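The values are calculated or read from the model by the stated rules, or taken from the named source; none is laboratory data. Predicted, not measured: the structure shown is a model, and the values here were computed from it. No Cβ is skipped: glycine too gets one built from the backbone with ideal geometry, and neighbour counts run over all protein chains shown. Side chains included, ligands, DNA and RNA excluded: accessible areas come from the protein's heavy atoms. Shrake-Rupley method; radii C 1.70, N 1.55, O 1.52, S 1.80 Å.
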Amino acid sequence: MLNTRNLIDYRLKCNFKSSIKQNLYYLSKDRMLHVTLISLFLKSIIFTLLINSEKATKINFGWAFYGDPHLLVYICFINIFLSFSFLFKNRGRLWYLIVINTLISMIIIADLWYYRGFASFMTIHVLNQTTNLDNLSSDIIAMMRVIDIFFVLDIFVLIPLAIKQKHLYKNQGKVPSLFFSILVLSIGYIWFSHYRIDILNNGKKTMLFRTYWKPAQTMANLSPIGYHIYDSYNYWLDNKAYNLTEQDIKEINAWFKAKNEKLPDNKYKGLLKGKNLIIIQVESLERFVIGQKINGQEITPNLNKLLKNSLYFTNYYEQVNNGTSSDSDLLTNTSVYPVRRGSTFFRYPDNTYNSLPKLLEKLGYSTTAIHPEKGSYWNWMPALKSIGFQNTIDSSGFEIDETIGLGLSDGSYLRQVFPIIKRQKQPFYTFMVTLTSHGPFDLPEKFRELNLNESLDKTKMGGYLQSVHYTDKHIGLLINRLEKDGILNNSVIVVYGDHTGIHKYHEDEVAKIKPQEDWWQGNNWRVPLIIYNKDLTGEEITTIGGQVDLLPTLAYLFGIDKTDYEYTAIGRNLLNTKKNFAVLTNGSYIGEKSSDEEEQQAIKGLEIADKIIKSNYYKNYK
C-alpha cells in the first residue's frame, strides 16, 4: 500500500514538473507574445514620459510625480490581457496578440490626444458623451503630433511579419493552465503592491490606487492599462447612489463657515442693483489679447472700449474640468466646482443649485439662457433648465444662415440674439455663449480682417488672433444695437472667456513661432473678466480669483443679501475679500497664503463640491 502511494505521489510530481516545463517551453517559444509584451511596455513608458512634459509633445525623462512609476505593476497589467492568448489555439493566438496590441495602442493614442486638449484622459464617463462628437473632426486632428506614430509603428511591422510566419502557429493548442497561472500571478502581484503601498505603508510616499487631482499622477502610478481598469471600477462606484453621512454634512457646513469672511461692506455693495444683466461667455477668450495690438491693430478693439467703464479683473483663472465649456456655465451660475470625473452636465443634469438665475428671479428678474448649438451638446439645455433658467434657447431657435467651424457664426448668432434680448421683460438676466472662436482656430479667409504677416497668419496663433478679432467685432455690433435701442442705459454686460484657447491646446506650436512676441507668452490659465456699465468708472481689479467667484461677486454688486448664498457659493466675492488665490481644477493653488493649512482648506473645496454634486446636496440635505 505504501509503495502504491509513493508511486502515485511520484507520478503526480513528475506530471507537475512536466507541466511546468511544458508551460515554460510554450512561453520561451512564443516570440509574438514576447514582442507584444515588450512593445506595450515601451509604449506605456513613453506615454508616461510624454504626459510629464508640457502638453505631452516631447519626452521628459525627469519624473515630475510624487514617486516613480511601479514598472512591474505596468508589466502585470499588460500580462492580464496577454494571458488570454493561451485560450486560443493555432493562428487564433497570433491574431489575438495583434488585435489586443492594436486596441491598447489606440486607447493610448486617444488618451494622449484627449490629454493635450483637456489635461485629463478618456474615461467611461467621457465615452458616454456621444452627442458631443458632431463637427469635432478638426479638433481631433489638431491634437495629433508626429511623435504619435511611435504608438502604431510596431503594428505595421508585426502584421506582415505575422502573415509571413503564421505557419509557426499551425499546431499550437490551448493552454488553460498557462492562462490561469499568468493571470493569477499578475493579479496577485498587483494586489500585493496595493497592500504594501496603499494599506501597509498607508500611502506615506505615494499611493497606487488613488484618484489624484492631477490625472497624470494616477496614470503614472497605474500605467495606461491600469488607469482604465481603475476607471471602470470608479465608474461602477459612481453609478451607485451617493448618500452623505452625518459627518459629511458637518464637514460641508464647517467648510463653508470657515470660508466665509466677516468684512464690512464697501462701495461696491448694490452698485448695480436693479439693472439688467447680460453675460457673454466667449469661446476660448484669453487674457493676453485684451488691450493688445499687432501691426498697429487692436486685436479686441470693442472689448477694449468697454474697459473705460468697467471693473476689469486681470487675474481671473479658468477652473473647468472634463466638461470644458459646460463647466464654465456651471461655475458662473452656481459657484460650485465641477465633478472630478466626467462632465457634470452629463452625469448630473437634474441637480438642484442655489443659482444666479434663482437669486435674481427672487428680485423679479426674467431669466434666459442662449446657446448657438443644439441643446444636447454637453447636455447644456436640460442642465441649465434644472439650474433655474426660466427660458432656454438652442440652435433650433435660430436661422442657420451662416456657419463657421462648429456651427452658427457669431456674426449671425449675435445679430439674431438682439431681438431676443429686446423682447424680454425687464429687469432680465440673459446668459449667452459664443462659438466661432473655438479651436482649431481656422477662420475662413473672407472673415480674417487683421493684417498679419503671412508667416504668422498661417500659424495657430495667427488663426486664434483672427478668430478672437472676428468675435470681438460682432460683440461690438451687438452692443451698438443695445445702445441705439436704449437697453444699454440700464444694463450690465459681463464678458469673460469660458476657458483658455491657444495656450490650452497649442502651446507647443506657439513656442515654435518665429519671431516670438513677449505679450503672447505665459498666459497661465488666465481669462479676462469684464463687468461693464455706462455709469462705472474704469478700474483694474488685480485680486486673484476664478470662475467659481463670479456668482458671489455679481450678487454683491446687484445687492443680493449675502445670507442668501454664503452657505451655498463655494467662491468668494472678489470685490470684498482679504484672500488672494485661485484653485485650478487639477488642485494647483495660485496666489498668496498665510499658511499651508489655508491652502489645503481652499483646495478641499474641490472635494466639497464633488460631494455636493454627487449627493444633490441642495435638494436632499439643505
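Apply 1/(1 + (r/R0)^6) to the Cβ-Cβ distance of Lys484 and Ile420, taking R0 = 22 Å, and write down the FRET efficiency to the nearest 0.05.
Working: r = 16 Å, r/R0 = 0.75.
The value I calculate is 0.85.
Would you mind checking which residues have amide H under 5 Å from Gly546's amide H? H placed 1.01 Å from N; only 5 or more apart, or other chain.
Residues meeting the criterion, in which the H sits 1.01 Å from N, are Tyr317.
For the residue pair Val152 and Asn524, what label-to-label distance in nm results when each label sits 7 Å from Cα along the Cα-to-beta-carbon direction?
Between Val152 and Asn524, the label points sit 3.9 nm apart.
Could you tell me what percent of the accessible area of the chain is made up of carbon and sulfur, with a 1.4 Å probe and every protein chain present?
Summing carbon and sulfur atoms, their accessible area is 56 percent of the total for the chain.
How about Lys473: which lysines have a C-alpha closer than 22 Å to its C-alpha, ignoring those fewer than 8 places off in the same chain?
List returned: Lys293, Lys305, Lys308, Lys422, Lys446, Lys458, Lys460, Lys484, Lys534.
Testing the spin-label approximation: label points 7 Å from Cα along Cα→Cβ at Lys250 and Ser595. State their distance in nm.
That separation, rounded to one decimal, is 2.1 nm.
For the chain, what's the relative contact order in percent, using C-alpha pairs closer than 8 Å and at least 6 residues apart? Let's see the in-between values first.
Values: 999 pairs, mean separation 119.8, N = 622.
Here the relative contact order equals 19 percent.
Can you list the residues, at least 5 places off or on another chain, whose amide H is less than 5 Å from the amide H of Ser335, using H built in the peptide plane?
Leu551
Apply the Karplus parameterisation 6.51 cos²θ - 1.76 cosθ + 1.60, with θ equal to phi minus 60°, to every residue of region 462-478 and state each ³J(HN,Hα) to the nearest whole Hz, in sequence, with x for glycine and proline.
For region 462-478, the Karplus curve yields x, x, 5, 4, 5, 5, 5, 4, 4, 5, 4, 4, 7, 5, x, 5, 5 Hz.
Take region 314-405, drop everything but the C-alpha atoms, weight them equally and run the Debye formula without solvent; then report log10 I(q)/I(0) at 0.11, 0.13, 0.16 Å⁻¹ to two decimals.
Summing over Cα pairs of region 314-405 leads to -0.33, -0.46, -0.68.
Dipole of region 335-392, Cα-centred, from +1 at each Lys and Arg C-beta and -1 at each Asp and Glu C-beta, to the nearest 20 debye?
Roughly 200 debye for region 335-392.
If you count only protein heavy atoms with a 1.4 Å probe, what accessible area per residue comes out for the chain, rounded to a whole Å²?
Details: 27560 Å² over 622 residues.
Accessible area per residue: 44 Å².
Helix 246-259 against the longest principal axis of the chain: what's the angle in degrees, Cα atoms only, rounded to the nearest 10?
Relative to the chain, helix 246-259 is tipped by roughly 40 degrees.
According to the square roots a ≥ b ≥ c of the eigenvalues of the Cα gyration tensor, what is the shape class of region 206-352, taking rounded for a/c under 1.5, prolate for a/b larger than b/c otherwise, and oblate for the remainder? Write down the numbers at each step before the final one.
Values: a/c = 2.43, a/b = 1.50, b/c = 1.62.
It comes out oblate by the Cα gyration axes.
Can you tell me the length gained on complete extension of the stretch Ile159 to Lys362, counting 0.36 nm per residue apart and subtracting the Cα distance?
Numbers: separation 203, 0.36 × 203 = 73.08 nm, distance 6.65 nm.
Length gained between Ile159 and Lys362: 66.4 nm.
By DSSP, what percent of the beta bridges with both residues in the chain are antiparallel, rounded to the nearest 5?
Counting DSSP beta bridges with both partners in the chain, the antiparallel share is about 40 percent.
Averaging sequence separations of C-alpha pairs under 8 Å and six or more residues apart, then dividing by the length of region 538-622, give the relative contact order as a whole percent.
24 percent
Please compute the contact order of region 172-247 in relative form: average sequence separation of alpha-carbon pairs under 8 Å and at least six residues apart, divided by the residue count, as a percent.
Normalised by residue count, the contact order of region 172-247 is 14 percent.
Calculate the spin-label point distance for His194 paired with Ser588, positioning each point 7 Å from the Cα along the beta-carbon direction, and give it in nanometres.
Those two pseudo-labels are separated by 3.2 nm.
Check the straight Cα-Cα distances from Lys166 and name the aspartates and glutamates below 19 Å, setting aside those fewer than 8 residues away within the same chain.
Counting by Cα, and skipping residues close in sequence, Lys166 has these aspartates and glutamates nearby: Asp30, Asp154.
With a/c under 1.5 counting as rounded, go ahead and sort region 445-518 into rounded, prolate or oblate using the C-alpha gyration tensor (a ≥ b ≥ c being the square roots of the eigenvalues; past the cut-off, prolate if a/b is larger than b/c, else oblate).
Prolate shape, in that a/c is at least 1.5 and a/b is the bigger ratio.
Placing +1 on the Cβ of each Lys and Arg and -1 on the Cβ of each Asp and Glu in region 300-452, which of Leu307, Tyr353, Gly411 has its Cα farthest towards the positive end of the resulting dipole?
Checked the options; the winner is Tyr353.
Please list 591-597, 486-492, 432-438, 559-565 highest first by mean number of surrounding beta-carbon atoms within 10 Å per residue.
Result, highest mean first: 432-438, 486-492, 559-565, 591-597.
Given axes a ≥ b ≥ c from the Cα gyration tensor, I'd like to know whether the chain is rounded (a/c under 1.5), prolate (a/b larger than b/c) or oblate.
Values: a/c = 2.49, a/b = 1.81, b/c = 1.38.
It comes out prolate by the Cα gyration axes.
Excluding residues on the same chain fewer than 8 positions from Lys593, give the lysines whose Cα lies under 23 Å from its Cα.
Lys214, Lys257, Lys259, Lys262, Lys578, Lys579, Lys604
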